[in-house]
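One structure is given here, and the rest of the page talks about it.
What follows draws every value from the coordinates through simple rules; no lab data is involved. None of these values were measured; they are calculated from a predicted model. For neighbour counting, all protein chains shown are included, and Cβ atoms are generated from backbone atoms with ideal geometry for every residue, glycine included.
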Amino acid sequence: LCEKDVMRVYFTPQHHPHRPLPDTATAPLPVVVVGAGPVGLAAALGLARRGVPALVLEAADSVSHGSRAICVSRQSLQILDRLGVGARFAETALPWVRGRSHYRDREVLVFEMPHGERFARPPMVNVSQSVAERILVDAVEAQDGCAVHWQSRVTSVRQEDDLVVLGVETPDGPREVSARWVVAADGARSEVRRALGLRMTGTNYEGRYVIADIHWRNDLPTERLVWFDPPSNPGGSVILHRQPDDIWRVDYQLAAAEDAEAESRPERVHQRVAHHLEWMGNTAPWTLEWSSVYSARALSLDSYTHGRVLFAGDAAHLVPIFGVRGLNSGLEDADDLAWKLTLVASGAADRRLLDTYSEERVDAWRQNIAQADKSTRFMAPNTPGYALTRDAVLSLVADRPALAHLVNPRQSGATHARSSRLTVPATHPADDDGRSGLRPGDPVDDCPVPGAPAGTTLHGLRAGGFGLVGVDLDPASLSTAAARAEAALGGAVPVRPLALRTPADHALVAAVGAVSGELVVIRPDGRILARLDGADPERPAGLMDHVLQGGTR
Amino acid sequence: MSTPEGVPGAPPPDDVAHLEAVWTLLGDGLDATSPERREMFLTRVVLLLAVDGGDTEAFRRAVETAVLPG
């Protein structure tokens, strides 16, 4: 292959100087976030946008290198909308809705994820983690009360009664930083986790994958392409994703007997990627830009709150790559943590509210693992029996569409909080009286508001706070209820009313699955807190008190 | 495999015809498959029957009866 004409466009990280740390000996910071990955940056932004200053400590001097977590889900895009960066992601990332699976040299399945005008965002977009972090860093730097301190490596954690003292290694020498709360978002090799002597438990899977970014111009559509047992990688699988700027992500499975270190050498990666592209019929030039080796793990801490240290993202839990739940579940952590910590840090809520962060997100990890485990067993079966069954399914799925469910990669979806202490149990069966089936605790997909200015969405109207969505209820009563609920929260988080009418507002009523006469209370993270009958102006305020007490009232 | 009519406990004629057809079809199918691919052939047959049958409990009983430990 001729590489001389390929223009180099691969992401080049900006190196950031160290910024001296503030003196916190007499005035602890409200929140320190450890780790400037996407989860830490999202948590910091979510706090600062709600008025809680958040200082970010990052050991490196730049954002991460390599595509890493490239698939950003609809739920994550909605979270990024709430952080004010949704538009930049939309203009930068590549949306996709479709995937194609192949068995050997035959296409056996085409799947599509739900999409269309009823959704505010596409089901999935591809963007490299480097670019995603760059967008978030820009937003953090532009946000009052928020900044990243690069080249600041946390080396120790000491918890005192009402604060946490972090030992930090900097170019200026060792420093101490005190904070009321610490968000540990410092990744799979979390230094904070190690410093507190905490261990994750769970499952390590057998399958190992080489993941590589290549610069390759071609006309293939933006789809998820998978080959099982292709001639280019017999017995293994290959996954291909387009990223922006003609960068492609190639993932290929290593055989059990192959040496990961030898297989990760650039010349060997080049050779194997070339083998697959040539088998696909490619004659265009391409360059290898980055590669790494990945193995699937399903590990978690038992609790994500340890005193005043709150864990999020890969520092708290790991999920197998298949189904793209790593980054996406981490952004859910940040979204949930930001509004709850805002209420606690502002003094409005009891710290027991943070226990619900841990309980809900540990449960979310279990939800994710239940799906990811199925995906992993299919993508990389770890026993001869499952390998044979997988191959038999693949060989038959074109003739028996009923088997397609097993081949479908179960892409990441939003997790629910049905069993949370905060969630108010439904008083009606989920499908009674024409209700959509959305249960308390379920996430509500964002949707455009018909007739409103472009870009106006259901969740956008909540302004990062709670939403009171009333259907055919008196608007004045609804506004009174919202005002009283906001007062109950001490003004720390807004509560916005939205009065809908049937049938005029059919699309929005359907989006929340409500019926006439119903009041749906939506949490800041887009999940349903309660479904109530009627607009009793006192009831939402009582619900907010329930939230402030951590669901223990 | 034929069973005399009227023998107590003997299956009805339709079942007899079915059993004999299963015997022949499975034997012919296995003979038509190379030895190294028979395991895959049988797995495919089982999958198709299980999917078409739609009876999880019947399939569970069949697997538990058929498994050969060791």
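Assorted remarks:
- R0 of 56 Å, Cβ-Cβ distance B:Asp52-A:Asp474: FRET efficiency to nearest 0.05: 0.50
- Two-site label geometry, A:Glu107 and A:Asn204: point separation in nm, points 7 Å out along Cα→Cβ: 4.0 nm
- Taking 0.36 nm per residue of separation and subtracting the Cα-Cα distance, full extension of the segment from A:Asn382 to A:Asp144 would add 80.7 nm.
- Magnitude of the charge dipole for segment A:217-280, about its Cα centre and with charges confined to Cβ atoms of Lys, Arg (+1) and Asp, Glu (-1), is about 120 debye.
- Kirkwood Rh in Å, taken over all unlike Cα pairs in segment A:415-525: 14.5 Å
- The packing ranking, built from the mean of other Cβ atoms within 10 Å per residue, places the peptides A:237-247, A:111-121, A:75-85 in the order A:75-85, A:237-247, A:111-121, highest first.
- Segments A:320-328, A:491-499 sorted - mean Cβ within 10 Å per residue, highest first: A:320-328, A:491-499
- 3J(HN,Hα) along segment A:94-108: 9, x, 8, 10, 10, x, 10, 10, 10, 10, 6, 10, 10, 6, 10 Hz, from the Karplus curve 6.51 cos²θ - 1.76 cosθ + 1.60 with θ = phi - 60°, whole Hz, x for Gly and Pro.
- For residues of A:403-409, the mean tally of beta carbons on other chains within 10 Å: 1
- Compactness of segment A:41-112, expressed as Rg and Dmax over alpha-carbon positions, Å: 17.5, 55
- A crude spin-label estimate for the pair B:Ala21 and A:Arg98, with each label 7 Å from Cα along the Cβ direction, gives 4.0 nm.
- Across the options A:Gly202, A:Val137, A:Gln159, the greatest Cα extent toward the positive end of the charge dipole of segment A:127-260 (unit charges at beta carbon of Lys, Arg, Asp, Glu) belongs to A:Gly202.
- Relative to the current alpha-carbon distance between A:Arg366 and A:Asp161, full extension at 0.36 nm per residue lengthens the span by 70.6 nm.
- Principal-axis analysis of the Cα atoms of chain A puts helix A:352-379 at an angle of about 20° to the longest axis.
- Net charge dipole size for segment A:123-217 [Lys, Arg +1 and Asp, Glu -1 on Cβ; Debye, nearest 20]: 460 debye
- Since only A:Trp339, A:Leu508, A:Leu394 are under comparison, the one whose Cα sits farthest along the positive direction of the charge dipole of chain A, derived from C-beta charges on Lys, Arg, Asp and Glu, is A:Leu394.
- Residue order for A:Trp286, A:Trp365, A:Trp279, fewest other beta carbons within 10 angstrom first, comes to A:Trp279, A:Trp286, A:Trp365.
- Rounded tilt (10° steps) of A:539-548 against the dominant C-alpha axis of chain A: 60 degrees
- Antiparallel DSSP beta bridges within chain A, percent to nearest 5: 70 percent
- Shielding by partners - mean other protein chain Cβ count within 10 Å, residues of A:476-483: 0
- Farthest positive-ward along segment A:1-138 dipole, Cα basis, beta-carbon charges - from A:Gly99, A:Ser128, A:Gln14: A:Gly99
- Residues with amide H under 5 Å from that of A:Ala349, placed H, sequence gap 5 or more: A:Val344
- C-alpha long axis of helix B:38-53 to longest principal axis of chain B, angle in °: 60 degrees
- Distance (nanometres) between label positions extended 7 Å along Cα→Cβ at A:Ala262 and A:Ala510: 5.8 nm
- Nearest-20 debye value, the protein assembly as shown charge dipole, Cβ charges on Lys, Arg, Asp, Glu: 1080 debye
- Averaged over the residues of B:42-52, the number of partner chain Cβ atoms lying within 10 Å of the residue Cβ comes to 4.
- 3J(HN,Hα) from dihedral phi, segment A:156-165, Karplus parametrisation 6.51/-1.76/1.60, rounded to Hz, x for glycine, proline: 8, 9, 10, 9, 10, 3, 10, 7, 10, 10
- Volume per residue of the C-alpha convex hull in chain A, rounded to whole Å³: 159 Å³
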